[in-house]
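Contents: one structure, followed by commentary.
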Amino acid sequence: MPSLTDPAFLDTTADRLAALPTVRAVALGGSRAQGTHGPGSDWDLAVYYRGPFDPADLRALGWEGEVSEVGGWGGGVFNGGGWLTIDGRRVDVHYRDLEVVEHELAQAEQGRFRIEPLMFHLAGIPTYLIVAELAINEVLRGELPRPAYPEALRRTAPERWYGMATATLAYAKAGHAPKGALTQVAGAIALAATQTAHAVLAARGEWVTNDKGLVERAGLREVDGIVGKLAPDPDALAQSVAEAEALCGRAVKAARRGAVTE
């Protein structure tokens, strides 16, 4: 059971993380930073460091759990962290290399980004996700920039995400539906809906930090009904893909129309 109040726990934990060598800032993320958490929600903390960061220093704090090496989560912009228990609370600590963060911020301001695979993210993550964290998360220690959504990204990201969505559905219609491949069609529709959701929110200039609520935020909840009625019949699957194409197309069109009228 926790021995500290939430504010005391957060204050103490932030102090200990901020004291680690090369750490320049500590931020609170996830539902706790956005005020959407419940009593059982975990705590997401990020340590922003400049120069080499040694995970052994984090392990030396003595908290129960697992601490990865730098690059242990695939080597992309999400480059590692720890799953810990601190004062009876579940805490995720994420490594954030300030050199990488600053690079991706500069890229986003020019409308450039990559899409990297990451567990629990159906369509992968755009590298501007770590820029979104700067805009949304609560800085507990140190100083971090608070970027607005770049106009260049509002132009380039929707086209890229929606282009992938349309290609995903086109392949499902031509390759999977004629074979009655229900699982592949279901996966393609889910993937395309997620890709389209990224396109819609980028067109609106809304930051995304994870997949939670992403499809609903983009106005694509109707996709649940499409997936729910799938049957392993080629004609029925082709019709379902067509419905998904129409749904995604309407959502992107509405987002683009809204962006033009702002």
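The values are calculated or read from the model by the stated rules, or taken from the named source; none is laboratory data. No experiment lies behind these values; they were computed from the predicted model shown. Cβ placement follows ideal geometry from the backbone for every residue including glycine, while neighbour counts extend to all protein chains displayed. Just so you know, the surface numbers come from the protein's heavy atoms only, side chains and all, with ligands and any DNA or RNA stripped out. Shrake-Rupley method; radii C 1.70, N 1.55, O 1.52, S 1.80 Å.
General observations
- Boolean, residue 9 is within 18 Å of residue 98 (Cα to Cα) and touching a Ser or Thr at 6+ places or on another chain (Cβ under 9 Å): no
- Filter result (of a type in the set (Gly, Ala, Ser) and over 25 Å from the mean Cα position of the chain (by Cα)) within the stretch 52-68: 56, 60, 62
- Any chance residue 154 is open to solvent by 40 Å² or more (accessible area, probe 1.4 Å), touching a residue at least 40 places away in the same chain (Cβ under 8 Å), assigned to a helix (DSSP H, G or I) and within 29 Å of residue 191 (Cβ to Cβ): yes
- Top-ranked residue of the stretch 225-262 - restricted to ones that are of a type in the set (D, E, K, R) and in contact (Cβ under 8 Å) with a residue 60 or more places away in the chain, ranked as nearest to residue 194 (Cα to Cα): 245
- Per this entry, residue 174 is not counted among residues that are part of a helix (DSSP H, G or I), on the phi < 0 side of the Ramachandran plot and touching a Lys or Arg at 6+ places or on another chain (Cβ under 7 Å).
- All helices (runs of 4 or more DSSP H) inside the stretch 1-99 with 1 or more residues being among the acidic types (Asp, Glu) and closer than 18 Å to residue 138 by Cα: 6-18
- Filtering the stretch 200-242 to residues that are farther than 17 Å from residue 180 by Cβ and over 18 Å from the mean Cα position of the chain (by Cα) leaves 221, 222, 223, 224, 225, 228.
- Considering (1) open to solvent by 50 Å² or more (accessible area, probe 1.4 Å); (2) part of a helix (DSSP H, G or I), the lone condition that residue 246 does not fulfil carries the number (1).
- Meets criteria (aliphatic (A, V, I, L, M) and buried (at least 18 other Cβ atoms within 10 Å of the Cβ)) for residue 4: no
- Restricting the first member to the stretch 157-169 and to residues that are within 10 Å of residue 199 (Cα to Cα) and open to solvent by less than 60 Å² (accessible area, probe 1.4 Å), and the second to residues that are at pLDDT below 95 and among the aliphatic types (A, V, I, L, M), no beta-carbon pair is closer than 8 Å while six or more apart or on different chains.
- A count restricted to the stretch 117-139 and to residues that are open to solvent by 30 Å² or more (accessible area, probe 1.4 Å) and either outside any helix (DSSP H, G or I) or more than 25 Å from residue 74 (Cβ to Cβ) (or both) stands at 8.
- Residue in the stretch 22-45 that is modelled with pLDDT under 95, surrounded by 14 or more Cβ atoms within 10 Å (Cβ to Cβ) and among the polar types (S, T, N, Q) present: yes
- Residue match in the stretch 140-148 (condition: buried (at least 19 other Cβ atoms within 10 Å of the Cβ) and either aromatic (Phe, Trp, Tyr) or closer than 30 Å to residue 188 by Cα (or both)): no
- Lone qualifier among 89, 114 - being in contact with a strand residue (DSSP E or B) (Cβ under 9 Å, 6 or more places away or on another chain), over 25 Å from residue 145 (Cβ atoms) and among the basic types (Lys, Arg): 89
- Pair list, Cβ under 6 Å, 6 or more apart: the stretch 41-64 residue on the phi > 0 side of the Ramachandran plot, other residue at pLDDT below 95 and open to solvent by 40 Å² or more (accessible area, probe 1.4 Å): none
- The listed residue being under 20 Å from residue 121 (Cβ atoms) and assigned to a helix (DSSP H, G or I), out of 235, 224: 224
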